[in-house]
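Colleague: Sharing a structure with you now.
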Amino acid sequence: MVGINSVIGDGMLNELNSIDSLQANLDKFSDLPAEAVIKQDVLREGLSFSQDSLRIATGYKPKDYFIFSFDLIPIKEMQYDENLRAPEEIKISGGTRQLRDTVISVRVNPESPYKVDLKEGKLQLLCSNNPIAEVCYHPVPDFYNRPLQSGKTMGEIAPVIEWGYLIYLTVYRLCQYFNKEEQCQFCDLNKNYKQQRQAGRAYTGVKSVDEIVEALLWILEDDKETITEAITITGGAILKPLRGEDEVTFYSKYANAIRENFGNRWILKSVVQAFEQSDVQRLHDSGFNIYHPNFEVWDKDLFPRVCPGKERFIGRDGWIKRVVESAEIFGPSNVIPNFVGGVEMNRNFGFSEIEPAIASTSEGLDFFMSKGIMPRFTTWCPEPYAKLGPQPAPPLEYFCRLLQEFKSCFHRHKLPKPKGYGPTGPGNAVFSVSAFMDVL
Ligand code: SF4
């Protein structure tokens with residue numbers, strides 16, 4: 001079942017060149033919005049930028065490297081300083097397919113068939129030089145220009161993503177699973193920290209509660225239209241006390257401070273480990289609304305290999321049990337374990353065929369959704385400094401099948417739309433690292 005073979009997929013689709021493969025998948029998966037199919041392809045391939053498009057990006061919101069690198073090459077190989085100049089996200093629309101607005105996270109890859117370029121006076125998305133859609137960048141929010149006492153930028157302390165909807169607070173930029181080389185194999189958190197520091201970015205290892213509150217005060221003052229609706233509080237796993245605090249105590253204090261200073265202004269989401277109920281209760285009581293004990297990969301043979309630290313400290317069965325039990329505290333629809341979509345097809349030891357991979361992940365989706373829990377998925381980015389190493393992404397066909405299964409499972413279990421993710425559907429969704437919200 002799990003082989004070392006290359007990931008070629010089931011049919012001929014994956015042997016076509018990029019534009020033909022895109023069209024063939026659009027034809028084959030005509031039940032999915034075209035926007036979702038294109039978005040998944042851009043996420044899996046990454047994006048390149050012409051010099052003109054990078055010049056225009058100056059003055060728009062840049063990539064803040066809010067947690068991982070989410071790039072397909074290291075910074076030292078970026079010829080045009082894309083790490084400083086590329087936009088956080090693009091929004092595509094129009095083109096010959098008359099696409100509705102679609103927000104896509106930027107993953108730098110100069111070798112990608114997808115390129116943003118200036119053509120006929122407009123920014124356009126090209127696939128193998130064929131125009132696909134018009135492109136716009138996200139303006140810099142007003143509060144990004146506010147000064148912080150520390151001299152750090154707002155984009156460092158309280159960056160926004162998802163076209164301004166989500167404030168993303170990585171308050172601890174390291175993960176202790178790296179200490180014994182037991183990090184999740186797709187994760188480059190600590191390595192990205194190192195490369196960002198080497199590249200001169202003021203990348204704060206541990207953000208203080210005070211600097212977070214200071215930054216949020218500016219956002220509160222400037223965000224008159226209430227574009228920011230949710231806050232994610234996250235960071236690496238804490239296995240040994242960090243400055244005297246365990247993981248729950250550490251992350252909960254930020255939620256406590258936000259609730260004390262700002263009441264219920266924002267939905268608070270906590271992306272941390274799976275905990276026993278007493279700790280989950282503490283997280284909930286500190287003010288979090290949503291709990292993300294990320295599951296990463298469902299398959300029982302792959303989980304220990306992909307997540308060796310999680311396997312050793314908690315174990316797959318323990319993780320599942322804790323996710324299920326946490327629903328009693330947060331409410332099932334507020335428990336949102338993430339899957340790293342596609343990592344089960346990694347070339348090192350993953351599934352070599354699409355349908356067995358889909359069957360495995362669908363089993364996990366169905367397990368959680370049958371209990372009212374709302375799993376979601378992001379799109380695996382094979383980052384060069386992750387243990388799995390750089391490699392081609394799984395085929396677009398895999399992601400289209402995953403969207404089909406996700407949507408069908410969601411409707412079969414009659415789940416409510418996920419809270420803290422903004423609007424759903426093509427033309428509306430802002431979640432930018434997979435198209436799961438675009439198909440609901
Ligand atoms: S728990 Fe896994 S995914 Fe999360 S930061 Fe640590 S190694 Fe990365």
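Every number in this text was worked out from the coordinates using simple rules, so none of it is lab data. What you see is a predicted model; the values in this text were computed from it and never measured. Quick reminder, even Gly has a Cβ in these numbers, built from the backbone with ideal geometry, and neighbours come from all protein chains shown.
Colleague: For the stretch 12-98, what is the Kirkwood hydrodynamic radius in Å, using each pair of distinct C-alpha atoms?
Modeller: One over the average 1/r among Cα pairs gives 14.9 Å for the stretch 12-98.
Colleague: Would you mind putting 183-193, 213-223 in packing order, based on average other-beta-carbon counts within 10 Å, highest first?
Modeller: Sorting 183-193, 213-223 by mean packing, highest first, produces 183-193, 213-223.
Colleague: State the extension gain, in nm to one decimal, for the chain segment bounded by L84 and K180, taking 0.36 nm per residue of separation less the distance between their alpha-carbons.
Modeller: 31.4 nm
Colleague: Using a/c under 1.5 as the rounded threshold, could you call the stretch 1-152 rounded, prolate or oblate? The axes a ≥ b ≥ c are square roots of the C-alpha gyration tensor eigenvalues, and prolate needs a/b larger than b/c, oblate otherwise.
Modeller: It comes out prolate by the Cα gyration axes.
Colleague: Once you treat every alpha carbon in the stretch 61-121 as an equal point and sum by Debye, what is log10 I(q)/I(0) at q = 0.19, 0.21, 0.25 Å⁻¹?
Modeller: Calculated log10 I(q)/I(0) at the listed q: -0.80, -0.94, -1.19.
Colleague: What is the spread of the Cα atoms of the chain along each of their three principal axes, largest first, in whole Å?
Modeller: Ordered largest first, the chain gives principal extents of 55, 49, 40 Å.
Colleague: On to the next question. Quickly rank 412-422, 324-334, 99-109 as a protection proxy: mean count of other C-beta atoms within 10 Å, highest first.
Modeller: Order by mean packing, descending: 99-109, 324-334, 412-422.
Colleague: Sticking with this structure for a sec: Can you tell me how much longer the chain between L217 and K76 gets when fully stretched, taken as 0.36 nm per residue apart minus their C-alpha distance, in nm with one decimal?
Modeller: 47.2 nm
Colleague: Which three extents, in angstrom, do the Cα atoms of the stretch 169-295 have along their principal axes, listed largest first?
Modeller: 44, 41, 27
Colleague: Of K240/K310; K371/K414; K39/K414; K91/K417; K152/K269; K180/K253, which pairs sit farther than 21 Å apart, going by alpha carbon to alpha carbon?
Modeller: K39/K414; K91/K417; K152/K269; K180/K253
Colleague: Measuring from label point to label point, each 7 Å out along Cα→Cβ, what is the E120 to K152 span in nm?
Modeller: With each label placed 7 Å out from Cα toward Cβ, I get 4.6 nm.
Colleague: So, with +1 on the Cβ of K and R and -1 on the Cβ of D and E, and no other charges, what is the size of the charge dipole of the stretch 107-233 about its Cα centre, to the nearest 20 debye?
Modeller: 580 debye
Colleague: Now a separate question. Report the dimensions of the stretch 288-342 along its three principal axes from the alpha-carbon atoms, largest first, rounded to Å.
Modeller: 31, 23, 16
Colleague: Okay, moving on. What full-extension length gain, to one decimal in nm, is calculated for N261 and K194 as 0.36 nm per residue of separation minus the Cα-Cα distance?
Modeller: 20.8 nm
Colleague: From the C-alpha gyration tensor of the stretch 219-284, pull out the three semi-axes of the equivalent ellipsoid (sqrt of 5λ each), sorted largest to smallest, in whole Å.
Modeller: Sorted largest first and rounded, they come to 26, 12, 11 Å.
Colleague: Same structure again: Starting from the Cα gyration tensor of the stretch 236-342, take the square roots of the eigenvalues, sort them a ≥ b ≥ c, and report rounded, prolate or oblate (rounded when a/c is under 1.5, otherwise prolate if a/b is larger than b/c, else oblate).
Modeller: Here the stretch 236-342 falls in the prolate category.
Colleague: With the Cα gyration tensor of the stretch 361-438 giving a ≥ b ≥ c as the square roots of its eigenvalues, does the rule (a/c under 1.5 for rounded; else a/b larger than b/c for prolate; else oblate) give rounded, prolate or oblate?
Modeller: Taking the square roots of the gyration eigenvalues as a ≥ b ≥ c, the stretch 361-438 is prolate.
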